[in-house]
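Visitor: Quick one: the structure is below, questions incoming.
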Amino acid sequence: MTGISRATSRFRIAANLAAPASALIAAAALAMAMAFGQNREVVNGPSWLDVAEAIRIASVVCGAIGLAGGSATIIIVVRLLKRNRLLIETCERLAEAKSQADRASQAKGDFLAQMSHEFRTPMTSILGFADVLLEADQTEAERYEALLTIRRNAGHLSELINDVLDLSKIEAERMSVEKIPCDLPDLVAQTLSLTRPGASSDAPHIMVRFDGPVPRQIHTDPLRVRQILVNLLSNAQRFSRSGAIELRVACVIPDEPGQSCAMIFSVIDSGIGMTAEQIDRLFKPFSQAEGSTSRRFGGTGLGLAICKSLATLLGGDISVESCLGQGSTFTVHLDGGCIDGVTMVDDFEVPTTIAPSHDEKPTTIAIHGRILLAEDGPDNQRLIGLILRRAGAEVEIVETGREVLERLAVESFDLVLMDLEMPELDGYTATRKLREGGCMLPIIALTAHALSEDREKCILAGCDDYLTKPINKRKLLNTVRQLLPERASDAQPGDEQPLKSELINDPELADLLQDFVKMLPERIDRLFELLTQRDLEELRQVAHQLKGAAGGYGFPPITDRAAALEDQLIQDAPLEQIAATVSELATLIRRVDGFPGPSPAAERRCVA
């Protein structure tokens, strides 16, 4: 019995040692099998086919050495490996998320640093020359130069803010474009007129060439097309110190009817040119050809990034070819829409050369009426009040929306200028309360918010029009003058004088301006014809076209009145109000210097 007991004891010891031994051997076998697929796993990513193969090999090994518990141990190990893999993948995802957050944080920091630099540069000139003006020993010429510097840098600051807003809307996918009929020669003329004010007297001339035939009318967003072309032409002027700049316009006519044409605008300069590496950085925000470009030529590097995004939204793209030291060619391809039935011409009566403009005398605008200005900023109170009083208006100033309600309850005014952000009662609420109470006075919103939805919010609150800060003097006076009710100033002799173009003294634009004036009777006929037919959508498009064309030819009063008509049509204003605005617009157009004569036929049809 002693021998049997001794054997039993040895068996139990062997059994106790077998389980952990089998686990160790099974794990080793599995590890060896996994090692065969390690390189493939690293290269191609985790593969559970390798795991299955490892299990098979480990099972064979365990069976060969007689380990019954090997398979169960393998299953446990595989489960641990799976959990480890999930843990590794989770860690990798967290690491990638952290990397993305770090890159976003770095991009945000870079953006803020660049913005700080871009804002501080013009602000340094503005504040510095403002201090210079306070010094008593300045000559008249030095003061004038200081004022020009302040104005130039303030304009640059305003453009920078607008660019940042455009960029933010594009990145947030909130930028929208229209596709409406627009007159191609008008579009080109407006673009050229917008490039002239910023050109110095020694800037290169802009030559226009049409590679015909091209359609007289295309379907696109004229505002955004002008924005693209003005940016490219301005860049060409900035980087070309001599020679000429050429704007070429061409059209790729579709093979089949009903298809869209492709419009091609090329801006060619003989400036400093670029290398291939510099071109690769062009269309990135805040990027320019090289670091010294901004210091030498100005600019933020936002314009081209915005233009490329806009071209994409317009169904096209922008490409560039350049040779260092020899110049660059920027080519814009855009969807021009269907041109079936559109007149095709080989050339337009556009000046072959547009010379840089010299300073022109500002147009005097007289207004008469009693205006209530609601503005809580003391500096803006003084500025806006000064502009209005010098134009002939009587101005009373309040600081809150509540004061607006109180003053209008006991006094008579002809118009209200309403700041939207005021203490106690904001401009939106004050305007709604006035409209709810039956007040029909014209109300013009004043706001630093410049997005399209901000304008819609103002109109929905009950405002008649909308002006953004910083205030443009001419636009302020034109808007106020047009919205003032029938008043004594309408009978002033100066108001009945012919309405002359601001570009009348430019001999290069004389022929083009004359052609525009000749077409005005037809535009009036079209306005009343569409009003008679109640075709309000087409009427809106005609008003939109007239708004842009009049501005391009130097008639801002017509632009502002046409814009008011377009706003009424967008907001579905009563037909009587729309008809009144059409009549006002027609009356204003007839005052244009050189207007061919009355066009009563269509108006009589409308009245009948």
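The values are calculated or read from the model by the stated rules, or taken from the named source; none is laboratory data. The model shown is predicted, which means the values in this text are computed figures rather than measured ones. Positions of Cβ are backbone-derived with ideal geometry, glycine not excepted, and every protein chain shown enters the neighbour counts.
Visitor: Mind listing whichever residues of segment 162-188 are of a type outside the set (D, E, K, R), free of Cβ contacts under 8 Å to residues at least 24 places away in the same chain and either part of a helix (DSSP H, G or I) or surrounded by 18 or more Cβ atoms within 10 Å (Cβ to Cβ) (or both)?
Guide: S168
Visitor: Within segment 129-147, can you find the residues that are polar (S, T, N, Q) and either surrounded by 10 or more Cβ atoms within 10 Å (Cβ to Cβ) or in contact with an Asp or Glu (Cβ under 7 Å, 6 or more places away or on another chain) (or both)?
Guide: Q138
Visitor: In segment 531-564, what residues are part of a helix (DSSP H, G or I), within 17 Å of V592 (Cβ to Cβ) and in contact with a Ser or Thr (Cβ under 7 Å, 6 or more places away or on another chain)?
Guide: Correct list: K547, A550, G551, G552, D560.
Visitor: Could you check how many residues of segment 387-403 are in a helix (DSSP H, G or I) and either more than 18 Å from L434 (Cα to Cα) or over 34 Å from the mean Cα position of the chain (by Cα) (or both)?
Guide: The qualifying residues number 6.
Visitor: Next question. Could you please find all residues in segment 572-583 being in contact with a helix residue (DSSP H, G or I) (Cβ under 7 Å, 6 or more places away or on another chain) and surrounded by 14 or more Cβ atoms within 10 Å (Cβ to Cβ)?
Guide: Listed by number, the residues that qualify are I578, A579, T581, V582.
Visitor: So, one more: Scanning for something acidic (D, E) and surrounded by 16 or more Cβ atoms within 10 Å (Cβ to Cβ), does segment 455-472 turn up at least one residue?
Guide: Yes - at least one qualifying residue is present in segment 455-472.
Visitor: Could you please find all residues in segment 223-238 being among the hydrophobic types (A, V, I, L, M, F, W, C) and out of contact with any helix residue (DSSP H, G or I) (no Cβ under 6 Å at 6 or more places or on another chain)?
Guide: Answer for segment 223-238, where residues must be among the hydrophobic types (A, V, I, L, M, F, W, C) and out of contact with any helix residue (DSSP H, G or I) (no Cβ under 6 Å at 6 or more places or on another chain): L223, V225, L232, A236.
Visitor: Something else now. Take the conditions among the small types (G, A, S) and either in contact with a Cys (Cβ under 7 Å, 6 or more places away or on another chain) or in contact (Cβ under 8 Å) with a residue 60 or more places away in the chain (or both) and apply them to A461. Does it pass?
Guide: In short, no.
Visitor: Now a separate question. Condition first: of a type in the set (D, E) and modelled with pLDDT of 90 or more. Can you find one or more residues in segment 361-384 that meet it?
Guide: yes
Visitor: Moving on. Just checking, does segment 462-480 include any residue being modelled with pLDDT of 85 or more, over 23 Å from the mean Cα position of the chain (by Cα) and farther than 21 Å from I365 by Cα?
Guide: yes
Visitor: Filter segment 514-528 down to the residues that are surrounded by fewer than 20 Cβ atoms within 10 Å (Cβ to Cβ) and within 12 Å of A549 (Cβ to Cβ) and list them by number.
Guide: Residues satisfying the conditions are D515, V517, M519.
Visitor: Applying the selection to segment 565-578, what residues are under 11 Å from L536 (Cα atoms) and in a helix (DSSP H, G or I)?
Guide: Answer for segment 565-578, where residues must be under 11 Å from L536 (Cα atoms) and in a helix (DSSP H, G or I): L565, E566, Q568, L569, I570, L575, I578.
Visitor: Also, I was wondering about something else. Looking at segment 542-554, is at least one residue modelled with pLDDT under 85 and either surrounded by fewer than 17 Cβ atoms within 10 Å (Cβ to Cβ) or of a type in the set (D, E, K, R) (or both)?
Guide: No, there is no match, as no residue in segment 542-554 is modelled with pLDDT under 85 and either surrounded by fewer than 17 Cβ atoms within 10 Å (Cβ to Cβ) or of a type in the set (D, E, K, R) (or both).
Visitor: Note down all Cβ pairs under 9 Å where the first residue falls in segment 269-283 and is under 13 Å from K308 (Cβ atoms), the second is assigned to a helix (DSSP H, G or I), and they're at least six residues apart or on different chains.
Guide: What qualifies is L282/L304; L282/A305; L282/K308; F283/L304; F283/A305; F283/C307; F283/K308; F283/S309.
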